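Colleague: Below is the structure I would like to discuss, written out as structure tokens.
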Amino acid sequence: MPANRNALIRYKTIDTCLRNPYRRWTLDDLVKACSEALYEYEGIDKGISRRAVQMDIQVMRSEKLGYNAPIEVYENKYYRYADLDYTITRLPLSQNDVAVLSETVNLLRQFLDFDYFSEMADVIGRLQDRVAVAKHHSSAVIDFERNRNLTGLEYLNPIYDAIMYRQTLHVRYRSFKSRITKDYYIYPYLLKEYRNRWFVFGARTGDRELINLALDRIWELSPANDIPYHLSEDFRPEIFFEDVIGVTKHERLSKATIRFKADSRQSPYILTKPLHASQTLIEHCKDGSMIFEITVVLNPELYTVLMGFGPGVKVLSPEKVVKEMRKLYQEGYENYKK
């Protein structure tokens, strides 16, 4: 890799370090972090000098690359950003950046036919569209679903950093059902998006019960430095969400195999876009309708999805789910009688 690419790795590493408010960074700390990054990404094991990192900091502070990074020294030995919200990653893309990203997108697209990378299609599509917009100064040609009024996104980076650096958090939170805020002290484990809303999964510090909090209901977030972080060996996201539609799952919710019938209008959509990974086709009826089964946790998101098909889907079993669907439809009917 050319030397300028190595420098970019160092700039990004220094930026990542200085954005971490939970640690005090000396010059030697930054040298060590840059050396580790170069070894990880490029296999360069000869390390890097203090002088090189000092020059990197000068470049980042200057207008040479357009960073103008507000790097300051405090207590005569520690480095930090004077502006806690600053990061070089939010700067406009240069022509060189766009060229590098274009090469990266073209490379990634070659792997989309491999099963291992198939789930990256959406991410690559988003990246390709953003690069095209920056390159040609044109409007987007792919319109992804988004919620422009969503709040709480300012907590994404702090929570992400807390997960990465294993930092306990204090969260002031108010759910839609509550009129007052509640204090939570949690060990954050995972950020998850569902239908354009973000959630943080973590364990409460007291009983270590797993909970999830919507970022748009957070009122205040701060590090709980006096509470040591606890990493759960039981929470494994790749397994935890196997039987869930949405984000709601706890020990009080049961799991069941749900059999439902989709009419001839809805069945092709459900067949090609399953409600859940466990979905299986049980019967293809003569009138074009189909009978499916899914095995999932009985949570509110499940009923929302089933209700979304209107009269096109009828739950056949178990009776518990049938009764709940009947109740929901009855309540809806009463609303329209008024």
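The values are calculated or read from the model by the stated rules, or taken from the named source; none is laboratory data. A quick note: this is a predicted structure, and the numbers were derived from the prediction, not measured. Glycine gets a Cβ as well: all are built from the backbone with ideal geometry, and neighbour counts include every protein chain shown. These accessible areas exclude ligands, DNA and RNA; they are computed on the full protein's heavy atoms, side chains included. Shrake-Rupley method; radii C 1.70, N 1.55, O 1.52, S 1.80 Å.
Colleague: Being among the basic types (Lys, Arg) and within 21 Å of LEU281 (Cβ to Cβ) is the filter here, so list the residues in the range 291-334 that pass it. Spell out the reasoning first.
Modeller: Of the range 291-334, the ones among the basic types (Lys, Arg) are 314, 320, 323, 326-327.
If the condition is that a residue be among the basic types (Lys, Arg) and within 21 Å of LEU281 (Cβ to Cβ), then LYS314 is the only one that fits.
Colleague: Shifting gears a bit: Taking the condition of being part of a helix (DSSP H, G or I) and open to solvent by less than 70 Å² (accessible area, probe 1.4 Å), how many residues in the range 280-333 meet it? Walk me through it before giving the result.
Modeller: Start the filter on the range 280-333 by keeping residues that are part of a helix (DSSP H, G or I), which leaves 300-307, 310-312, 319-333.
Filter once more, so that each one left must be open to solvent by less than 70 Å² (accessible area, probe 1.4 Å): 301-303, 305-307, 310, 312, 321-322, 324-325, 328, 332.
The number of residues fulfilling the criteria is 14.
Colleague: Being more than 19 Å from ARG5 (Cβ to Cβ), open to solvent by 40 Å² or more (accessible area, probe 1.4 Å) and among the aliphatic types (A, V, I, L, M) is the filter here, so list the residues in the range 28-80 that pass it.
Modeller: Of everything in the range 28-80, just one residue is more than 19 Å from ARG5 (Cβ to Cβ), open to solvent by 40 Å² or more (accessible area, probe 1.4 Å) and among the aliphatic types (A, V, I, L, M), namely VAL73.
Colleague: Restricting attention to the range 163-186, which residues are under 10 Å from ALA224 (Cα atoms) and either part of a loop (DSSP other than H, G, I, E, B) or out of contact with any helix residue (DSSP H, G or I) (no Cβ under 6 Å at 6 or more places or on another chain) (or both)?
Modeller: Pass one, the range 163-186, residues under 10 Å from ALA224 (Cα atoms): 167-171, 185-186.
Result: GLN167, THR168, HIS170, VAL171, TYR185, ILE186.
Colleague: Okay, moving on. Any residue that is part of a helix (DSSP H, G or I), surrounded by 13 or more Cβ atoms within 10 Å (Cβ to Cβ) and over 25 Å from the mean Cα position of the chain (by Cα) - is there at least one of those in the range 81-88? Can you show your working first?
Modeller: Restricting attention to the range 81-88, the residues satisfying the condition of being part of a helix (DSSP H, G or I) are 88.
If we keep only those that are surrounded by 13 or more Cβ atoms within 10 Å (Cβ to Cβ) too, we end up with 88.
Checking which are over 25 Å from the mean Cα position of the chain (by Cα) leaves us with none.
No, there is no match, as no residue in the range 81-88 is part of a helix (DSSP H, G or I), surrounded by 13 or more Cβ atoms within 10 Å (Cβ to Cβ) and over 25 Å from the mean Cα position of the chain (by Cα).
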